[in-house]
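Asker: Shown below is the structure under consideration.
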Amino acid sequence: MTPEQYLQHLQTVYAEYRLPFECKRPATEADPTELAATLGPLDPALAALWRITEGSNGEQPMFQRPGFVDALELLTPKQALVQARNMEKRAQRMWDLAGPASADMRLTGRWWHAGWLPFASFYGDIVLLVDKHPGAEGSAGQIIAYVHDPDEMQWVAPSFESCLQASADSIDQDREEFLLGLLEQD
């Protein structure tokens, strides 16, 4: 699924419940450039999404992990850089407290790897990342998640585009649950 198709899908989901779905302005060229200079080359589809919208508008969820009921916001490139720095800072503490982050052979077992790129978050308790340093059975560009409680790293999807499709499919399984936070505000 392309970023454009994904945003159109979200528009349809929000419209079904008569909720506004508004994209922020596109990210400036400087924001993704700074992010890429720090974390390495950006996934082309993620970069394309940021060229359409720099992030979620307010507390507007844009992602859901397949098989879970959560609503994650798209981080702006600046928020992604802050999230990366925060994850890097706590990685050693997580290793000391919990040991390896995952036994999944698609992942390295680490809590942080330079070059991982956060792009979506639920208050930092769940963070979706592009993984450019996969484990022995993984593939570069796969999508992984940091999950708090229990603290672990999880494999999500083989690529950003497949993550978009999996997120759309997961949202469609229970659209009302995905939008619950917004629906409760009305």
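The values are calculated or read from the model by the stated rules, or taken from the named source; none is laboratory data. Since the model is a prediction, treat every value here as computed from it, not as a measurement. As a convention, Cβ positions derive from the backbone with ideal geometry for all residues, glycine included, and neighbour counts pool all protein chains shown. These accessible areas exclude ligands, DNA and RNA; they are computed on the full protein's heavy atoms, side chains included. Shrake-Rupley method; radii C 1.70, N 1.55, O 1.52, S 1.80 Å.
Asker: For a quick protection proxy, order the peptides 60-69, 80-89 by their average other-Cβ count within 10 Å, most packed first.
Answerer: Order by mean packing, descending: 60-69, 80-89.
Asker: Can you give the helix-only mean residue ellipticity at 222 nm for the chain, where every DSSP H stretch with n ≥ 4 adds -39500 (n - 2.57) and the sum goes over all residues, rounded to the nearest 500 deg cm²/dmol?
Answerer: -13000 deg cm²/dmol
Asker: When only DSSP loop residues count, what chymotrypsin sites (Phe, Trp or Tyr not before Pro) in region 129-186 have their Cβ near at most 16 other Cβ atoms within 10 Å?
Answerer: The qualifying sites: there are none.
Asker: Moving to a separate point now. I'd like the distance between the alpha-carbon centres of region 34-100 and region 1-32, rounded to an integer number of Å.
Answerer: Cα centres, region 34-100 to region 1-32: 17 Å.
Asker: Please report, as a whole percent, how much of the solvent-accessible surface of the chain comes from carbon and sulfur atoms (probe radius 1.4 Å).
Answerer: Looking at the chain in its full context, I get 51 percent from C and S.
Asker: At 1.4 Å probe size, with every protein chain present, just tell me what the per residue accessible area of the chain comes to in Å².
Answerer: In whole numbers, the chain has 48 Å² accessible per residue.
Asker: Need the list of aspartates and glutamates near K24 for cross-linking: C-alpha distance under 15 angstrom, and skip anything on the same chain fewer than eight residues off.
Answerer: Straight-line reach from K24, under 15 Å: E4, E54, E59, E73.
Asker: If I model a spin label at S139 and Y123 as a point 7 Å from the Cα along the Cα→Cβ vector, what separation in nanometres do I get?
Answerer: My value for the distance between the label points is 3.5 nm.
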